[in-house]
Amino acid sequence: MIKPVKRIAAIHDLSGFGRASLTVIMPILSTMGIQVCPMPTAILSSHTGGFTGYSFVDLTDTMIDYKNHWKELNIDFDCIYSGFLGSTKQIDIISGFIDDFGTEENLVVVDPVMGDNGKLYDTMGTDMIESMKKLVSKADVITPNFTEAAYLLNKNCDLDISEEMIKEWLVELSHMGPNTVIITSVPEPKMSKNTSVIAYDRKSNKFWKVSCEYIPAHFPGTGDGFTSVIVGSLLQGDSLPIALDRGVQFITACIRASYGFDYPHREGVLLEKVLQNLNMPVMVSSYELI
Ligand code: PXL
């Protein structure tokens, strides 16, 4: 039976306020014409980036029943996509989920959310890094930021890094398992006002780069937004460099639509104002082969 629309299993937390994880992933992928089946890993009243006193319900134990029911229903997914995870046990469950639902055809995307700006998030210990390395080995596509890439490879987060060195990191990460490695927030040479996204595709042995202007503002949830657009774009049949372009352009549009307003950045980007951009053709493409 041919499915009328593509289907994705999205394994992330549901944070009620602040635009991160499922509240970003679901609208983006739905707008891109993909059915999202969420498997919530935890329910929080808000995400943790800038809020205190949030409520938290851990759903680790229900994830196994959830998975078993989906197996009984014989659901087939075109993509399995995981992000922020709360414990090594959750990582083991997702690893089992990939064993059960992964096929030659579908796409396994792991966003190894662990930290940013050279630091790990409070909930991440060395046990989580080791488990994340194992999960990464089962993925087809991974999207670490520069900090997460360094932790996966046991390297320093030295911001003064050459393009040649980043290419070595990409190849090393792909040797861990994934065919496609996308590193975000790669620092550009000192004095440059840019940051870039650099990707490697092992099958074609090609490196792609998209640069964008660095905007000095931090909004939680932009990593989830970026990876969601990459996932949607690849499922729609775009090439890797076009997916990178669409991801960068969308997140830049989100930040530009938000930055001019005076509101707490912890509430995330004003996604609702730019969601429809996802249905516009890519007019200007700026990727480079490096
Ligand atoms: O966007 C990453 C993320 C996901 N889930 C929760 C978070 C964050 C980032 O702060 O707090 C609960």
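The values are calculated or read from the model by the stated rules, or taken from the named source; none is laboratory data. What you are looking at is a predicted structure, and each value in this text was computed from that prediction instead of being measured. Glycine gets a Cβ as well: all are built from the backbone with ideal geometry, and neighbour counts include every protein chain shown. Note: accessible area is taken over every heavy atom of the protein model, side chains too, but ligands, DNA and RNA are not part of it. Shrake-Rupley method; radii C 1.70, N 1.55, O 1.52, S 1.80 Å.
Tell me which of Val229, Tyr259, Met280 sits at the most positive position along the dipole axis of the chain, charges placed on C-beta atoms (Lys, Arg +1; Asp, Glu -1). Positive-most Cα among the choices belongs to Met280.
Just checking the listed ones, Gly268, Gly223, Gly125: in the Gaussian network model of the chain with Cα springs under 10 Å, the one fluctuating most is Gly125.
Each principal axis of the Cα cloud of the chain was taken in turn, and the coordinate range along them, longest first, works out to 55, 45, 41 Å. Tell me which residues come under 5 Å, amide H to amide H, from Met39 once H is placed; ignore anything under 5 positions away on its chain. Counting only residues 5 or more places away or on other chains, the set is Ala10, Ile11, His12.
Quick check: at a probe of 1.4 Å, how many percent of the accessible area of the chain sits on carbon and sulfur atoms? Taking all protein chains in place, the chain shows 53 percent carbon and sulfur surface.
Exposure here means at most 15 other Cβ atoms within 10 Å; with GluC sites (Glu not before Pro) in a DSSP loop as sites, the longest stretch of the chain lacking them is 106-290. Our summary gives region 6-289 a relative contact order of 17 percent, counting only alpha carbon pairs under 8 angstrom and 6 or more residues apart. Across region 205-220, coupling constants 3J(HN,Hα) worked out from phi with the 6.51/-1.76/1.60 Karplus curve, θ = phi - 60°, read 6, 10, 10, 10, 9, 10, 9, 8, 5, 6, 9, x, 9, 10, 10, x Hz, and Gly and Pro carry x. For Ile129, the shell of other residues with beta-carbons less than 15 Å away shows a net charge of -3, using +1 for Lys and Arg and -1 for Asp and Glu.
Across region 74-139, C-alpha contacts under 8 Å between residues 6 or more apart give a mean separation that, scaled by the residue count, equals a relative contact order of 41 percent. List the chymotrypsin sites (Phe, Trp or Tyr not before Pro) in region 241-290 that DSSP assigns to loop (not H, G, I, E or B) and whose Cβ has at most 13 other Cβ atoms within 10 Å. Which are they? Within region 241-290, the qualifying chymotrypsin sites (Phe, Trp or Tyr not before Pro) (loop, at most 13 other Cβ atoms within 10 Å) are Phe261. In the full protein context, the chain carries 47 Å² of accessible surface per residue, based on a 1.4 Å probe and ignoring ligands, DNA and RNA. For the chain, the share of DSSP beta bridges that are antiparallel, to the nearest 5, is 50%.
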